[in-house]
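All remarks here apply to the structure that follows.
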Amino acid sequence: MIDIFYRRPPSTYSDTSYDSTSFSENGKNAGVDGIPAKLSFENVVNGLTAPPCTLGDFSRYLRFSNMNEHADSLQFYLWVKRYTKKFQNELRPQEQALSPRWMPPVSKKVLGTPESSESQLSLSKTPSNSSYEVDDVSKVEFGEDVVLKPFTIQPFRSDIDQVTSLYLAPDAPLSLPLSTVEKADTLDALRRTTHPSAFSPAMRSIEISLRLTAHPSFIRHCLTNATGTRLSFLSVSGAILAIFAIFGLIALTLSSVSRWYRLLTFILLFGGLIMIANAKRGLCMVLVALGMARNLSPWEVYAVDDENLTGMRKARAVSDEESGKAEVMAEVTVLELDDEMGGKYRDEQIRIRWFVKDYNNRPVLSRVFERRVPIEDNEIRRLQLSILMQNAIITFVLTIIAETIFVVLPRGGFF
């Protein structure tokens, strides 16, 4: 159902710190309008949306839009979610007991004093205030005959050390929107336990940045169906049509012909204004008329070109193998863009910078008439139709007002 009162989510991307007070306790987007339930953050990260609003689109949008901090946050957030499921599903209760839930200290204590003899690790079943901590899976109490093992044999310690070196270490290659205190608390917790709750000091700020900044910006992008170059072309074309219509109205008003001839400029003025309005809001009517289609995003062009290049390389490898000159070639495709855990992050960063430069240097016409694909997500289609209807109503009213003003003016009779 078309909503003529729909408003897109605001563009909230900024480099400023995030206000945790604007984030509601139940984990929902607070103060971010224009994001329907079907396009919620949960649906996107859980894979319940269709192109151009999938999780892969979300990740690559952040990376190609130079929002690297948010891209790193998204990958960290997804890693923690996968790790939580892994911890819950793959460990026996006895193994889980080696990494008890992290309970933040009630007060700071000086190490070495009698008051600090109590461990900051607790197997208490009392839930924490943090909404990010998983259900308590460490329900096995330490019996008298149980000997505590060193922290080095806690389950998944190597995974924790790896993600720490990538995201939380002082010289980490990836950045997260964390304060110094949040990062220090997270590192302290991870040094003591590998329980997923140890990530809770960091997860709140990370989810705030994703929900209140990265996700609304991504939804705004998804509501756009044309490339930036095409939208600029439409704006210029619409401005030219509107200028021609206005000059035509002025000329007919100054002439001696019947005032009703001035209505002939209605189509030109309405067409020009609606092209400008749609382009300003990221839409091209031609693509909508072609079956709710959209231009490929830059990273999708990159993926297609990369797949073509991969196919050419594989064909060459087969040919070389047949001729006795087989060679080993390292293939890194855009599908591995998020694979920091595999060590390909730096290679992909170099390729992204190269591609962005190469894409912007392409001929203008190739970017105006970029390849198109259908929009698969029904909610995106509905919202785009809503925006188009809004623009049509507003521009129709403005055109009626302008035409009425010129029609009621007396004839000039100059020619």
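The values are calculated or read from the model by the stated rules, or taken from the named source; none is laboratory data. Here the structure is a predicted model, which means the values were calculated and not measured. A quick note on method: Cβ atoms are made from the backbone with ideal geometry, for glycine too, and the neighbour counts reach across all protein chains shown.
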Please identify the pairs in which a residue from the range 152-179 that is farther than 16 Å from Phe87 by Cα has its Cβ atom under 7 Å from the Cβ atom of a residue that is buried (at least 19 other Cβ atoms within 10 Å of the Cβ) and basic (Lys, Arg), counting only partners at least 6 apart or on another chain. Leu168/Lys183
What do you reckon, is Ser138 modelled with pLDDT under 90, part of a helix (DSSP H, G or I) and small (Gly, Ala, Ser)? no
For the range 41-50, does any single residue satisfy the condition of being in a helix (DSSP H, G or I), within 24 Å of Lys81 (Cα to Cα) and at pLDDT below 90? no
Identify all residues within the range 61-90 that are of a type in the set (A, V, I, L, M) and within 24 Å of Arg101 (Cα to Cα); write none if there are none. Leu74, Leu78, Val80
Going by what's in this entry, would Pro104 be described as of a type outside the set (Val, Ile, Thr) and out of contact with any Pro (no Cβ under 8 Å at 6 or more places or on another chain)? no
Under the condition of being touching a strand residue (DSSP E or B) at 6+ places or on another chain (Cβ under 6 Å) and buried (at least 19 other Cβ atoms within 10 Å of the Cβ), which residue from the range 361-400 is nearest to Ala37 (Cα to Cα)? Ile375
Name the residues in the range 215-251 that are free of Cβ contacts under 8 Å to residues at least 24 places away in the same chain and assigned to a loop (DSSP other than H, G, I, E, B), would you? none
What's the total number of residues in the range 271-292 that are among the charged types (D, E, K, R) and outside any helix (DSSP H, G or I)? 1
Picking from Ile387, Ile401, the residue that is in the same structural domain as Leu268 (by TED's automatic domain parsing), touching a Lys or Arg at 6+ places or on another chain (Cβ under 8 Å) and among the β-branched types (Val, Ile, Thr) would be Ile387
Flag for Val301 being aliphatic (A, V, I, L, M), exposed (fewer than 14 other Cβ atoms within 10 Å of the Cβ), closer than 20 Å to Leu231 by Cβ and at pLDDT 60 or above: no
Taking the range 62-95, which residues are over 25 Å from Arg157 (Cα atoms) and not in a helix (DSSP H, G or I)? Ser65, Asn66, Met67
All conditions in (1) closer than 29 Å to Phe414 by Cα; (2) crowded, with 21+ Cβ neighbours inside 10 Å; (3) touching a Leu at 6+ places or on another chain (Cβ under 8 Å); (4) of a type outside the set (Val, Ile, Thr) are true of Leu283 except (1)
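Condition check ((1) over 24 Å from Ser232 (Cα atoms); (2) part of a helix (DSSP H, G or I)) across all residues:
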residue	(1), (2)
Val356	no, yes
Arg362	no, no
Glu376	yes, no
Glu379	yes, yes
Gln384	no, yes
Met389	no, yes
Thr395	no, yes
Thr399	no, yes
Arg411	yes, no
